[in-house]
Structures are given as structure tokens and as C-alpha cells.
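Undergrad: My questions all concern the structure below.
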Amino acid sequence: MALVPGTPITPVDAALQISTVWACVDRRGSLLASLPIFVYRLSSGGERQLARTDRLYQLLHDSPNARMTPFEFWRAMMLNYDLRGNAYARIDRASNGEAVALWPMPADQVEPIVLPDGSMVYKYTLGANVIVYAAESVLHLKNLGNGTTGLSKLEFMASTTDEMQKAQQSASQTFGNGGKPTGVLMIDKVLNKEQRAALKKNFAELAVGHINSVHLLEANMKYQQLSLTPMEQQLLETRKYGVEEICRWFDVPPVLVHHANVTSWGSGIFEIKDGFYTLSLAPLAVNLVQAIRKRVLTPMQRATMTVEVSLDALMRASIKDRYEIYGKAVQNGIKTRNEVRQLENDPPMAGGDQLTAQSNLVPLDMLGKVQVTSGGSGETIKQ
């Protein structure tokens, strides 16, 4: 049931003509699509190793299908996810069941169906053809919903998009008229029907946007301009509020879609970005990983492999903060120097694979029993 009865649902193409909707969808889709997806093989001890040569790694990290890059594929998926609440991709599998390709399917052409036994199938309509896919052949990303299907955001935000469409149309009409309001032409005698029509025709340009026109009024005629209300003449406040409202629907800080409001989530852009990554993109990445594990991986792959969306590039701190963190990690024996150099894309150095610690970090019961000597490879701790 619509919040405002009679409010039409804005189609996808029309919604994307509202600049804020486009910016929010593009910002979320582009950011998620830019994050690399890594596949790790798990050892018996729980250690992870990048499975660079595995077909699953190449599928998720390098090439989802023969036509698309990973960035193009995931951005197309996010478009359906954000606007329609569901994103679907057909899974092509090899003879051993492993996924070899992912092909996005428009959400408007897919109907999920729950069978009496509780299993799901997906009816895909392409022109006059109808294809039914089993659940294991479809990657299904679900937005907020009942767990079976996601809710269509465009349907629930219909009042907001309808209001923004009308404000945009009103602004276009107003400024298409040169921003010039109508007026009243006054004359001190009664005119007949033909005379009124002739005056309207001759002086119609007084009420439209011919800014450089000069008109001469004769016979004691006067022109009284009618002022518009502030909301009619200056739609900036209405449209500014609409930007913030749409950003709220998509969970995007207004400043990230080039809006002037920067008052939320801290006093600076870094705090705003950090909050957006933590509260919006991180849960989205979890949803994506779990959907991939459930639908794309085979049971054997789920037991021996894991998938991760790397947020490191987005959460990367400034160079000053990074080096302070690295220093603490190296001094406390958490990371080696070569591990830190790899994070900064620097080549390894000789002797950099050894864990080191500051000499004053010793257990309390060993105080006075530890001797520190200096050698060619650094400090050595002896008991």
C-alpha cells in the first residue's frame, strides 16, 4: 500500500534521470565493484593461502564471463540490487559442478518461486522464451526483505522520487520561461473580445523569457508583474532537501554525491568516509561473500576454500598513520619488515623476514635476567 495513495512507481529509466539517484547508485556500485575478491585455500591447520591458480579465483577475481570484467559485472549486479532489491546471475558449471561463468540477469525478467517442498526455482523470461533454473544455478543477492526475496527500493521510495520528479519538472518550466513570472496588463477603458485577444497576442512576450526584449506601452497602459511564491520561484531548497532524502534511502552521505552538507558523522570528510565504509559497504560485502559461498561454491569448495572481499584499499589510512601502525607492529613482533614492505609494494630486503621486538619488552619475572647484545643483524636477547 502506497504511503501517499495514487503515487505512481517511478520506472528505473525515469529514476536514473534524477541526478541524486544516479549518483547514489553509481557511488555504491562503483565502490563495491572496485574491491577485489580473493579466494583462499584452507590448510588442515586453518591457515589460508591465496588460490591464484584455482578456477574459482580466476572466476571471481579476474573474469566472471567472456564479455565482462569483474568491475562491469558487479556494478551491473549492484544496479539491480539497489533499485529492485534483488540481483540475479546465471551460473554456468563444468562437468564436475564447479562454476565457470556468471551472467547477470535483469531483475525485472526473473521471478523467484518457492516450491511446495521449500526449494526455490527461478523463472527467467527472455522475449517469448521462459527458462526455469534451479537454485544452484542462480546467484541471488537479496536486499532488505523476508529472506527469500528483497524488497524493491523504487516501490517504497515512490513518494520521494515522485516529489523530486515534480520539483524537477517545475524548475524546468520556471527557468525555461527565463524565471520570469506572469503579469497583468492594465488599461483605463473597457475592451471588447477582439481587442483583448489582440493585446494578449501583441504583449505575450512580457510574460515569457525574452530577457533582452524592450516593449513600448501606449495609451496609458501599465504592466504589473505578479510575484511567485519563494517555493515556486526558487526551488533550490526543495531540491536540496530531496537530495538529502534520496541519500537517506541509499545510505550514502550527501557529501559523497557532491552535496554541500558535511555536518554529519564527524567534522571532516575522513570521518564521513570511514563511517560510510564501516556502516554501509562492510555489511554489503558480508552479504555478497555469503551469497557467493552459498550459491557459487560447491560443497567441497566450501569445506576447503573461503572467499573474501578486501576492504583494505578503502580503509587505507594516510601514509603518516600507516607508518605509525607499521612501526608498532614491527617493534612488537607482530609483523616482519618484509611483510610491511609488501603492503607498501616495496621489494623485500635481506634479513627482513625475522620477527623482532624491543629489548625492554620482557616478562616481569625475567627482569635482571636478560642480557642484550648488539650484533650485525640487530639486537640479540640472551638469558
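Computed from the coordinates by the stated procedures, all read-outs in this text should not be read as laboratory data. Predicted, not measured: the structure shown is a model, and the values here were computed from it. No Cβ is skipped: glycine too gets one built from the backbone with ideal geometry, and neighbour counts run over all protein chains shown.
Undergrad: Quick one: Karplus J couplings for region 322-335, per residue in order, coefficients 6.51, -1.76, 1.60, θ = phi - 60°, nearest Hz, x for Gly and Pro?
TA: 4, 5, 5, 5, 4, x, 5, 5, 6, 5, 9, x, 8, 9
Undergrad: Once amide H atoms are placed 1.01 Å from N in the peptide plane, what residues at a sequence separation of 5 or more from G150, or on another chain, have their amide H within under 5 Å of its amide H?
TA: N143
Undergrad: Let me ask something else about it. Run the simple label-point estimate for E155 and A14 please: 7 Å along Cα→C-beta, distance reported in nm.
TA: In this crude label model, E155 to A14 measures out at 1.7 nm.
Undergrad: Right, another one. Got a sec to turn the phi values of region 72-80 into Karplus ³J(HN,Hα) couplings, 6.51 cos²θ - 1.76 cosθ + 1.60 with θ = phi - 60°, whole Hz, x for Gly and Pro?
TA: Values, residue by residue: 5, 5, 6, 5, 5, 5, 5, 4, 5 Hz.
Undergrad: Along region 17-28, what does the Karplus equation 6.51 cos²θ - 1.76 cosθ + 1.60 (θ = phi - 60°) give for ³J(HN,Hα), rounded to whole Hz, x for Gly and Pro?
TA: Values, residue by residue: 7, 7, 4, 5, 4, 4, 5, 5, 5, 5, 5, 5 Hz.
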